[in-house]
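Below: one structure, written as structure tokens.
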Amino acid sequence: HQWFGNLVTIKWWNDLWLNEGFASYVQYLGADHAEKTWNVKDLIVLDDVYRVFAIDALASSHPLSSKENEINTPAEINEVFDSISYSKGASVLRMLSNFLTENVFKSGLTSYLRQFSYGNTVYKDLFDHLQKAVNDTNSLPATVNDIMNRWTLQMGFPVVTIDTSRGIISQKHFLLDPNSTVTRPSEFHYVWIVPIKWMKGDLEEKMFWLMKSQEDNMNMKPSGEDWILANINVTGYFRVNYDERNWEKLVEQLLRNHTHLPVINRAQIMADSFNLARAKYRNTTAALNTTRYLTDELEYIPWAAALDNLAYFKLMFDRTEVFGPMRDYMIQQVTPLYCHFKNVTNKWMNPSAGLMEQYNEINSVSVSCGYGLQDCLKMAQGLYGEWMKTPAINPIPVNLKTTVYCSAIATGGKKEWDFAWKMFAEAKIATEKDKLRAALACAREPWLLNRYLEYTLDPDKIRKQDATSTIVSIASNVVGQALAWDFIRNKWEFLYRQYGGGSFSFSSLIERVTQRFSTEFELSQLEQFKKDNAHIGFGSGSRALEQALERTKANINWVNENKVSVNNWFSNALNSKDPEFHVCL
């Protein structure tokens, strides 16, 4: 912000992404410079690229740069401070730096900052200076301005499809809902100039530029068992699809020896597959096949991508018969990871060595206890029991507190809940208070959860600013979800009058309490709720309510299309029918 914003200031808010996108991108570079061994730079794929893909794949998205005359009022200015400006801005700048090379990128930035010090600019000024730096060194298939206009002036991003049987590469505007209609016109007709880094077998090939909707490249028609992998390290802002045979070869490579594929691309294979399935490019069961190799995976980023995509399956199925085989499959897949960390941490007493390892250690315990791996549940009960005996000395490792608290309260009863409530009331550190407040929502006994819901209305027990997130935590619990929905319907007028439509965060409340809705009955309840409370209003939750209705309809369709095949897939993917079989040797 010192350089982009203060020294050189954008002319108007329509180019805000230059400020915020740069800050979001450079934070990774700064952290990486300070701590080389942490691999912080890789996290941009999970925290920015994939996060913003979910929004930028909707027909309601918007371009990075808009016209000056589209932004006139304070409200319109505020709207620009969204994940497109921050995360897409960062992702597109990372792609630009990557195909220019970092040295050329830095050289162009330096001359841009020098020329416009204490002045105002538009985004094109930056591209002109990067072009000057390019002219001194390498060649591009078009000017920086021509390439980047397609990424900054068009909303969305492409899915690049590589048909390895014919050596044909094509691109198409990627929309999560294939039936949605794009009403915003584009002068480029939703065609991008796409830099594709790719490899054939184990060898990285020369970068390929996709300039049109479709092109031929016979190098991408491999022989024998060779596979093609595109968008290495996900430096490009696009998703990748292949012909089914190439997908099968990549899955076979993962199962044979996953380390032949870069870490980030192991995450990409799963993330792209699941999103392509949501958009009807692939079958859901084909996407699930990409997770079979996880029994051998020890890296954080692939596991995070897998869990992020499987979370939707859990929400849709954790109240149905599909959850039995899904739970057993998840325990089967995570047990080797759990046992690995149990071993390297000396039974959880010492945290793992690196940052990514610590993140993955937390994931391994969270998934294992969350799906009911017995060894994990016993560990959590044991540590929590020790703490109950000596409340002044908390023996639970700090990285595992969130999971251990939740798991012990879930498998315990009134005694465990009341102890956590006492510790919550006495806690002086805000983060500790937050962990305990969330864990109290993990109880499995309905009366405890109903009592906790009532506590959220008493500011002496739960602060007003924490009421929404507490109700949301209870709704996230499969047992608490229906209780929270009943509570909100019953108390809506009180909540609205008490907190006012704006201050109480009604949008996240409606979004999270309805996130499991996937039946016609739930849809009719939601429509009735809208009708019954129309005279009261929904405040900041009005848009969230419309989105909840739309999402519920989409969930109903998805479950109807996938329930039987997903149930069969999980059942057939089990090596042993008995989940008790999974123990650390």
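The values are calculated or read from the model by the stated rules, or taken from the named source; none is laboratory data. The model shown is predicted, which means the values in this text are computed figures rather than measured ones. Here the Cβ positions follow ideal geometry from the backbone for every residue, glycine too, while neighbour counts run over all protein chains shown. Just so you know, the surface numbers come from the protein's heavy atoms only, side chains and all, with ligands and any DNA or RNA stripped out. Shrake-Rupley method; radii C 1.70, N 1.55, O 1.52, S 1.80 Å.
Odds and ends about this structure:
- Estimated [θ] at 222 nm from DSSP helical runs (n ≥ 4, -39500 (n - 2.57)) normalised by residues in the chain, nearest 500: -17500 deg cm²/dmol
- Tilt relative to the chain, helix 464-476 - C-alpha long axis, 0 to 90 degrees, to 10: 90 degrees
- Global geometry of the range 1-149, whether rounded, prolate or oblate, following the gyration tensor of its Cα atoms and the 1.5 cut on a/c: rounded
- Under Karplus coefficients 6.51, -1.76 and 1.60, residue-wise ³J(HN,Hα) of the range 427-433 in Hz, glycine/proline x: 5, 9, 9, 4, 5, 5, 4
- For residue 121, nonlocal amide neighbours, meaning residues 5 or more places apart or on other chains whose placed amide H falls under 5 Å from its own, are 9, 10, 11.
- Carbon-plus-sulfur accessible fraction, the chain (probe radius 1.4 Å, protein heavy atoms only): 51%.
- DSSP-defined beta bridges in the chain - what % are antiparallel, rounded to 5: 70 percent
- Net length gained if the chain between residue 434 and residue 223 were fully extended (0.36 nm per residue, minus Cα distance): 70.4 nm
- Charged neighbours of residue 276, selected by a Cβ distance under 12 Å, balance to +3 (K, R count +1; D, E count -1).
- Under Karplus coefficients 6.51, -1.76 and 1.60, residue-wise ³J(HN,Hα) of the range 325-334 in Hz, glycine/proline x: x, 5, 4, 4, 5, 5, 4, 4, 6, 8
- Pairwise Cα distances in the range 56-117 exceed 14 Å for 69 percent of all pairs.
- Relative contact order of the range 444-560, defined on C-alpha pairs under 8 angstrom at six or more residues apart (%): 25 percent
- Karplus 3J(HN,Hα) series, Hz, for the range 181-193 with 6.51 cos²θ - 1.76 cosθ + 1.60 (x for Gly, Pro): 10, 8, 9, 7, x, 9, 5, 9, 6, 6, 10, 10, 9
- Using every pair of distinct Cα positions in the chain, the Kirkwood expression returns a hydrodynamic radius of 26.2 angstrom.
- The residues packed around residue 584, meaning those with a beta-carbon under 9 Å from its beta-carbon, carry a net charge of 0 if Lys and Arg are +1 and Asp and Glu are -1.
- The P(r) of the range 222-381 has a tail past 25 Å containing 33 percent of all C-alpha pairs.
- Using C-alpha pairs under 8 Å with a sequence gap of at least 6, the mean separation divided by the residue count of the chain gives a relative contact order of 10 percent.
- Contour excess over end-to-end distance, with Cα ends at residue 207 and residue 118 and 0.36 nm allotted per residue: 28.3 nm
- As a rough guide to protection, the peptides 347-353, 439-445, 490-496 ranked by mean Cβ packing within 10 Å, highest first, stand as 439-445, 490-496, 347-353.
- Take the chain with all the other protein chains still there, run a 1.4 Å probe, and you get 45 Å² of accessible area per residue.
- Shape call, the range 208-290: gyration tensor on alpha carbons, a/c limit 1.5: rounded
- Segment residue 102-residue 343, length gained on full extension (0.36 nm per residue, minus Cα span): 82.8 nm
- Estimated distance in nm for a label pair at residue 111 and residue 534, the labels positioned 7 Å out from Cα along Cα-to-Cβ: 6.2 nm
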